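Beneath this line is the structure, given in structure tokens, with notes to follow.
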Amino acid sequence: MLDNKNIRNISIIAHVDHGKSTLADRLIEMSGLIKPGEHLDQILDNMELEREKGITIKSQPIRLKFENVTLNLIDTPGHVDFSYEVSRALIACDGAILLVDATQGIQAQTFAHSYAAIEAGLEIIPVLNKIDSIDADKESAKKQIFNLIGSSQDEIFEISAKTGSGVSELLKAIPELVNPPVQKTKHANALIFDSFFDSYRGVVASVRVFGDEINMNQKLKLVNSRYTFEPTEMGYFDLKFNPSEKLSSGEVGYIITGAKDLSQIRVGDTLVQDNDDNPIVVSGYKEPQPTVFSSVFPADSDDYTKLRDSLDKYVLNDASFFYEPETSSAFGFGFRCGFLGLLHLEIVVERLEREFDLSLIVTPPSVEFKITRNNDEEIIIRNPSEIDKYTDIKSIQEKYCEINLLFPKEYLGSIMQLLNEKRGIQEDLNYLSTTMVKIRYKLPLLELVNGFYDSLKSISQGFASLDYSILDFESGNLVKLDILVNGEAIDSFSSILAKENAEYIGRSRVKKLSDLIPRQQFDIPIQAAIGSRIIARETIKALRKDVTAKLYGGDVTRKRKLLEKQKEGKKKMRQIGKVSVPKEAFKEFLKQ
């Protein structure tokens, strides 16, 4: 058994691309688990997508042994979409390395994760990375760290994770700066801070033990899901599974549960002995709540079964993903899916296309709305087309979010203008240094998912960073916008939006669709409508045959008679004709 005093459980918290995975690589090399030059960079990012995007999607713990201390490094995702996973991982730690890029200074997610670490009661070690870069501005970054957590100049470590300079000094200081783990309960007790699915062994839970010890021959249960099991294997993460008979208080390891569904072993649940009637819950548990919804259809309708099977397999690896079947007049059969945020949506779609060889059509993201009926019944709407079922709507409410933005002060005017256009309400504004501004706004979540991030990046030339947290529903002046092609509403193009933006958005959508739909034998009206009121219209003119070409003179009435006959034919055709819109046109339209 390891002595508790020699264990340190730490995490590295940082904004995306500040060098977190690179620092983890250096620590792994120094522990002797891997020799320098014998591995790919980003050892803990073992997903191809993580390497490409340079982000951590799935956190991964690792046990590193040094001369007199065992360091459990619990890597966390840096992106706001996965903030719940980050908060659970931080509760499993006793200290955190706050990593700040000397070339960029503190960014929005550094703020968010620092506050989460402080709330979790962690010892924070401030570290300045990339000091060897020619763009490094150490003084400015140190001032920002001081403003954030009050660290003085001599308490901030200076390192270069890429070259390894300064990393050994940091490593020597960790045992002195971070307290050893404390046993919190007398009985067996562990927090599940991560879980993943292994197709051969079932669900593997990553745990931090808070009380006594967990043995192989114990029957265990989960406090929230009431799921009971006997472990088939347990042990430590040493880049691979290293089996052990037991896990003691303060240790971090894995337990193979044998469960066949990831939803049975959820992140944040507490693991205790089956006969423990009054279990102590170490951390509050929360069901992952999807905030962004989008419909996914196969590009080829014959691939529907393949898509359904792929989603069934994918959800085994990602319990926060939600889906249900749906049909669309434009795309046929598909699924309405729920995601934690825009990055989560992007990752899921990309993984489905790559890992299951699918070609997908994805509708623009939407959010949840709450409608109140005349009898005061409240209903959550996840798909705008569902709203037509209810004719007695008293009010519609939308979700809001609180966003924190950090950016250089020269972009303040244009960013505030963007936030006002997006119906934002200012809550706070302060200067972190002579050059950096931090502002806090309350914003409808709908505006955040509809191109806000792209607009922010282009206005600030990529210098602004963003972090957000979801708030509750609030009343809004909202309407449902429908797009009609030849008088028929296309359900996949319906959306709920702010009344003041409806006309402009309706006009631009109608214009775009009219450019994409090919001409037919009759005129096709394309309209944007709010209820029964048409707010925008474009007409795709019919293809016309020159019926007067055979005439070579004579009376004008002959010409008029042929044109009238053609006109009657077109009118009749429009009444019975169906508009055949190619899927390519719809795909292009959805790219807006």
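The values are calculated or read from the model by the stated rules, or taken from the named source; none is laboratory data. Everything numeric here is computed off the predicted structure, so don't read it as measured data. When we count neighbours, we look across all protein chains shown, and the Cβ atoms used for this are built from the backbone with ideal geometry, even at glycine.
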Fill in the blank from the handout: Within the range 121-169, the residues that are closer than 14 Å to LEU98 by Cα, of a type in the set (Gly, Ala, Ser), modelled with pLDDT under 80 and surrounded by 19 or more Cβ atoms within 10 Å (Cβ to Cβ) are ALA161
Problem - Within the range 1-110, helices (runs of 4 or more DSSP H) holding 3 or more residues that are at pLDDT 70 or above - result: 20-30, 83-91
Problem - Within the range 436-475, considering residues that are in contact with a helix residue (DSSP H, G or I) (Cβ under 6 Å, 6 or more places away or on another chain) and assigned to a loop (DSSP other than H, G, I, E, B), the one farthest from THR291 (Cα to Cα) - result: SER460
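Kindly establish whether PHE356 is outside the structural domain of PRO444 (by TED's automatic domain parsing) and either in contact with a Lys or Arg (Cβ under 6 Å, 6 or more places away or on another chain) or within 20 Å of TYR468 (Cβ to Cβ) (or both). Steps first, please.
On the way: outside the structural domain of PRO444 (by TED's automatic domain parsing): yes; either in contact with a Lys or Arg (Cβ under 6 Å, 6 or more places away or on another chain) or within 20 Å of TYR468 (Cβ to Cβ) (or both): no.
For PHE356, the condition - outside the structural domain of PRO444 (by TED's automatic domain parsing) and either in contact with a Lys or Arg (Cβ under 6 Å, 6 or more places away or on another chain) or within 20 Å of TYR468 (Cβ to Cβ) (or both) - is not met.
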Practice task
Mind listing just one residue for me: the one in the range 491-540 that is more than 29 Å from the chain's Cα centre (by Cα) and among the hydroxyl-bearing types (Ser, Thr, Tyr) and, of those, farthest from ILE387 (Cα to Cα)?
Solution key: THR539
Exercise for the section: Return a yes/no flag: does the range 378-387 have any residue that is outside the structural domain of THR539 (by TED's automatic domain parsing), more than 22 Å from the chain's Cα centre (by Cα), under 30 Å from PHE335 (Cβ atoms) and in a strand (DSSP E or B). Expected result: yes
Exercise for the section: Identify all residues within the range 300-321 that are buried (at least 17 other Cβ atoms within 10 Å of the Cβ) and over 14 Å from GLU355 (Cβ atoms); write none if there are none. Expected result: ASP303, ALA319, SER320
Practice task
Scan the range 413-470 residue by residue and report those that are over 23 Å from the mean Cα position of the chain (by Cα) and at pLDDT below 85.
Solution key: ASN430, TYR431, LEU432, SER433, THR434, THR435, MET436, VAL437
Exercise for the section: From the list ASP94, ASP101, pick out the single residue that is crowded, with 18+ Cβ neighbours inside 10 Å, within 30 Å of the chain's Cα centre (by Cα) and farther than 26 Å from LEU405 by Cα. Expected result: ASP94
Problem - Residues of the range 484-542 satisfying the condition of being under 26 Å from ILE393 (Cα atoms) and acidic (Asp, Glu) - result: GLU488, ASP491, GLU500, GLU503
Problem - the range 304-334, residues that are touching a helix residue (DSSP H, G or I) at 6+ places or on another chain (Cβ under 9 Å), under 16 Å from ARG351 (Cβ atoms), modelled with pLDDT of 80 or more and not hydrophobic (A, V, I, L, M, F, W, C) - result: SER310, LYS313, TYR314, TYR323
Exercise for the section: Kindly indicate the residue of the range 393-412 that is aromatic (Phe, Trp, Tyr) and crowded, with 19+ Cβ neighbours inside 10 Å and also modelled with the highest pLDDT among those meeting that condition. Expected result: TYR400
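Of everything in the range 462-483, what is in contact (Cβ under 8 Å) with a residue 12 or more places away in the chain and over 20 Å from GLU398 (Cβ atoms)? Give them in sequence order.
PHE463, ALA464, SER465, ASP467, ILE483
Do we find that ASN179 is surrounded by fewer than 19 Cβ atoms within 10 Å (Cβ to Cβ), in a helix (DSSP H, G or I), on the phi < 0 side of the Ramachandran plot and of a type in the set (S, T, N, Q) in this structure? So that I can check it myself, show each step before the final result.
Details: surrounded by fewer than 19 Cβ atoms within 10 Å (Cβ to Cβ): yes; in a helix (DSSP H, G or I): no; on the phi < 0 side of the Ramachandran plot: yes; of a type in the set (S, T, N, Q): yes.
Here the answer is no, as ASN179 does not meet what is asked.
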Practice task
For the range 281-290, state whether one or more residues are assigned to a helix (DSSP H, G or I) and β-branched (Val, Ile, Thr).
Solution key: no
Practice task
Answer yes or no as to whether PHE339 is buried (at least 17 other Cβ atoms within 10 Å of the Cβ) and not assigned by TED's automatic domain parsing to the domain that holds LYS422.
Solution key: yes
